[in-house]
Each structure stands twice: as C-alpha cells, then as structure tokens.
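The values are calculated or read from the model by the stated rules, or taken from the named source; none is laboratory data. Here the structure is a predicted model, which means the values were calculated and not measured. As a convention, Cβ positions derive from the backbone with ideal geometry for all residues, glycine included, and neighbour counts pool all protein chains shown. Heads up: the accessible areas ignore ligands, DNA and RNA and are worked out on the full protein's heavy atoms, side chains in. Shrake-Rupley method; radii C 1.70, N 1.55, O 1.52, S 1.80 Å.
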Amino acid sequence: QVIKCKAAVLWEANKPFSIEEVELAPPKEHEVRIKIMATGICRSDDHVVSGALVMPFPIILGHEAAGVVESVGQGVTSVKPGDKVIPLFVPQCGECKSCLNTRGNLCSETDLGTRAGLMPDGTTRFTCKGKAVRHFLGTSTFTEYTVVHESAVAKIDPAAPLEKVCLIGCGFSTGYGAALQTAKVEPGSTCAVFGLGGVGLSVVMGCKAAGASRIIAVDINSDKFAKAKQLGATDCINPKDFNKPIHEVLMEMTGGGVDYSFEVIGRTDTMAAALACCHRNYGVSVIVGVPPTAQKITVDPMLLFTGRSWKGSVFGGWKSKDAVPKLVADYMKKTFVLDPLITHTLPWTKINEGFDLLRTGK
C-alpha cells in the first residue's frame, strides 16, 4: 500500500524545510519500508541546504536515524516487520570490490558522490504535490516513513533505545571509527582534533579508547571545551587566541607535531592545517568532515614527500551492515556513552529550530 505521511521537504537551497504530506510507495524487491522513530541532525544535511553539497531538489534529507521495519519487499531476508533497525547511508552489498576487500567500506551502491538522489533502480519512492521527491544518501530520514534498499539497513538489538542509538547511524560511528579504524591510533600517541561537534567529540572518544596519551581539541567556539574534556581531551585550544597559524601552535605544543590529526569540520583551510600540524615524517592526518563541492585544496607536496600520510574516512571505515549491530551491542554493554552527544531533543516538526541550533554552534 502507498503510505501518506508527513515529511520535511526541502524544495530549494537556502530555504527552510517545509513539513508536507508525502506519498511513499511500497517497497519493491529487496527494499524495506521503515517507520522512523528518531533522527539526528548532521552538518552534512546542512551542507545541502547551504548549497555546499550539491543535490537535486526537491529532496528529503536526513541520514542518521533509527526506526522499526513496517513492511518488506520480495526477497528481503535480513529483516522483517517489527525489527528495530538503523538505515545505512553507506550500504554494504557484499559483492563490490570495496565490500570484498578487508580494507574497504565505501560500497559501490552508495549515493555518496553520485548525487542522483534515487533508489538503486533509478527511481524515487516519494511523491509530494504530484512531484517526484529525491532521496538523500539512500536513507532520507526526515520523514515519518522511508524506503531503503536491503543493503542499506542493519537489524539491531530490540532493547536498544532508538533515540540514542540513532547516532550510530552516522555521527558517533564516523568519528569513533576515524580514530580506531582509519587512523588506527596507538596507545601513548598524541592526537589533534579539529572541530568539536558531535563527530569531533566522537573522534575524541575514539582516541581515548585507543589509549592516546594526549588529545588536543581545536575549535573556534570555546563553549565546546568543557564537553571535550569530559570525553577525554587533555588540552583545548582556540585558534582565535593566537596570532600565528594554528598548525605552528600545535607543532610547538608537541615538539614537532602530533602523531594523528583529524579534520572534522569540512573546510579546506582546516584540512590543510590538520595535515601541516602532524609529524613531518610519520604523522597521519584524516579528513572526516565532508568536503564542499567544487572546492580544491592546494598543498605543498613537501608535506607529503617527507613521510606524512593523508587519509579520508567515510563512516569511520566501518563495514556498515556488519559493524552497526556490534556498535549498538557495545553501547548496550556501556563500552562508550552517547548521552553527552545529545544536546537537545525536539519534536521533529521543529526541524528548522534544530538546524538553527546547529548553525549557532549550540
């Protein structure tokens, strides 16, 4: 059956979300229809609103969520109606080169980088006012119900609190994994984390879990320092407090650079600073923040020639369908906390207020 439900539709860039009644088609073969119970707001969604990440409109954003399976299409075997699930913006088909390689996690089925906004079969399941509405990263969670491909959904512990574990759908896993999986931070090492939003704080938690002895948190909003320290940061610095480039400050603080640095903002200037602040010979810098569309980065090749490594990390390097249920299980075992990452809980119809809070750094 077609479901009529409410969704936050973005009709064009730089406009507020509009709460509309949409029609959602039933799941086709190997597709799953989910009732969304909780969704997080992520900077990547805001990049689409601002035009920094170019997507087709109209679109239903949102990619960090948890919900309950409402119905399944033909051939679906991994979930059934009533299961608690997390949609996966990085799917895991199990058959492409990335899925088959132990080091890879960016499945070829992902909509990241293709910007099509369509289901794998090239069509959309959402209609509003007679117009086809695009999907976002194969998930589209700013809606009461959504349809995802079976490769883009993970069944989780039925006892898990959905309003907390929804963060494992993006922010927490992305940051925590960047430290543990992508950088492979070692005990006793020194780390620098640029950007202390939810993902940056999750990087701090990952560095601490890996046994880093010094974790330097960098942000231009000093209000974020208390929480960073609570979660494991040993030093907090605000670039505005210095009259020299922040990478030079970090080089001096650490006697030659950090072992690992993480850019968790999505700005090319901070990506360059994060690379420059790591040790010239064996430092590793990881790009975690989504880079703006069409921007290029210029860097002195000597920074890399001398031995530094520059890496990118999507969804923390986790193979999503395998890792998400395990991360939820770890949360239930209290291996890590999620509560400090949740600053506000709003009814979803107040989504525009939520984005205002995000944009003002609150």
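Residues checked against (1) free of Cβ contacts under 8 Å to residues at least 24 places away in the same chain; (2) of a type in the set (Lys, Arg); (3) over 24 Å from residue 72 (Cβ atoms); (4) touching a strand residue (DSSP E or B) at 6+ places or on another chain (Cβ under 7 Å):
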residue: 138; (1), (2), (3), (4): no, no, no, yes
residue: 141; (1), (2), (3), (4): no, no, no, yes
residue: 154; (1), (2), (3), (4): no, no, no, yes
residue: 166; (1), (2), (3), (4): no, no, no, yes
residue: 169; (1), (2), (3), (4): no, no, no, yes
residue: 177; (1), (2), (3), (4): no, no, yes, no
residue: 180; (1), (2), (3), (4): no, no, yes, no
residue: 185; (1), (2), (3), (4): no, no, yes, yes
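Of all residue pairs spaced 6 or more apart or on separate chains, none has beta-carbon atoms under 6 Å together with a first member in the range 88-109 that is under 14 Å from residue 120 (Cβ atoms) and not assigned by the TED database to the domain that holds residue 149 and a second member that is among the hydroxyl-bearing types (Ser, Thr, Tyr) and surrounded by fewer than 21 Cβ atoms within 10 Å (Cβ to Cβ).
Residues that are in contact with a Phe, Trp or Tyr (Cβ under 8 Å, 6 or more places away or on another chain), under 20 Å from residue 116 (Cα atoms), touching a residue at least 60 places away in the same chain (Cβ under 8 Å) and open to solvent by 10 Å² or more (accessible area, probe 1.4 Å): does the range 36-47 have at least one?
Residues of the range 36-47 in contact with a Phe, Trp or Tyr (Cβ under 8 Å, 6 or more places away or on another chain): 36, 39, 41, 45-46.
Among the residues that remain, those that are also under 20 Å from residue 116 (Cα atoms) are: 45-46.
Restricting the remaining residues to those that are touching a residue at least 60 places away in the same chain (Cβ under 8 Å) gives 45-46.
When the remaining residues are screened for being open to solvent by 10 Å² or more (accessible area, probe 1.4 Å), the result is 46.
Yes; the residues of the range 36-47 include at least one that is in contact with a Phe, Trp or Tyr (Cβ under 8 Å, 6 or more places away or on another chain), under 20 Å from residue 116 (Cα atoms), touching a residue at least 60 places away in the same chain (Cβ under 8 Å) and open to solvent by 10 Å² or more (accessible area, probe 1.4 Å).
Kindly indicate whether residue 313 is polar (S, T, N, Q), in contact with a strand residue (DSSP E or B) (Cβ under 8 Å, 6 or more places away or on another chain) and open to solvent by less than 40 Å² (accessible area, probe 1.4 Å). Criteria met by residue 313. Of everything in the range 338-356 that's free of Cβ contacts under 8 Å to residues at least 60 places away in the same chain and in a helix (DSSP H, G or I), which residue is farthest from residue 49 (Cα to Cα)? The selected residue is 350. For the range 284-337, the set of residues classified as outside any loop (DSSP other than H, G, I, E, B), under 18 Å from residue 104 (Cα atoms) and aromatic (Phe, Trp, Tyr) consists of 310, 315, listed by residue number. Residues that are among the β-branched types (Val, Ile, Thr), open to solvent by less than 70 Å² (accessible area, probe 1.4 Å) and more than 30 Å from residue 63 (Cβ to Cβ) do not occur anywhere in the range 261-271. Taking into account only those residues within the range 122-140 that are part of a loop (DSSP other than H, G, I, E, B) and of a type in the set (Gly, Ala, Ser), which is farthest from residue 170 (Cα to Cα)? Result: 130. Would you check if residue 122 is touching a residue at least 40 places away in the same chain (Cβ under 8 Å) and either open to solvent by 30 Å² or more (accessible area, probe 1.4 Å) or under 18 Å from residue 340 (Cβ atoms) (or both)? No; evaluated as a whole, the condition is false for this residue.
Highlighted here are the strands (runs of 3 or more DSSP E) found entirely within the range 142-258 that include at least 3 residues which are open to solvent by less than 10 Å² (accessible area, probe 1.4 Å): 145-149, 190-194, 214-218.
In the range 1-36, which residue that is among the basic types (Lys, Arg) and more than 25 Å from the chain's Cα centre (by Cα) is farthest from residue 123 (Cα to Cα)?
In the first step, residues of the range 1-36 are kept if they are among the basic types (Lys, Arg); the result is 4, 6, 15, 28, 33, 35.
Filter once more, keeping what is more than 25 Å from the chain's Cα centre (by Cα): 4, 28.
Values: 4: 18, 28: 11 Å.
The selected residue is 4.
Run down 302, 332 and say which single residue is of a type in the set (A, V, I, L, M), over 23 Å from residue 221 (Cβ atoms) and in the same structural domain as residue 155 (by the TED database). Step through it out loud before you land on a result.
Values: 302 fails: in the same structural domain as residue 155 (by the TED database).
Answer to the check: 332.
The set of residues from the range 73-118 being over 30 Å from residue 184 (Cβ atoms) and either under 22 Å from the mean Cα position of the chain (by Cα) or open to solvent by 20 Å² or more (accessible area, probe 1.4 Å) (or both) comprises 74, 75, 76, 77, 80, 81, 82, 84, 115, 116, 117, 118.
Close contacts from the range 236-257, counting a first residue that is under 19 Å from residue 212 (Cα atoms) and a second that is in a loop (DSSP other than H, G, I, E, B) and open to solvent by 70 Å² or more (accessible area, probe 1.4 Å), with Cβ to Cβ under 7 Å and a gap of 6+ residues or different chains, come to 257/280.
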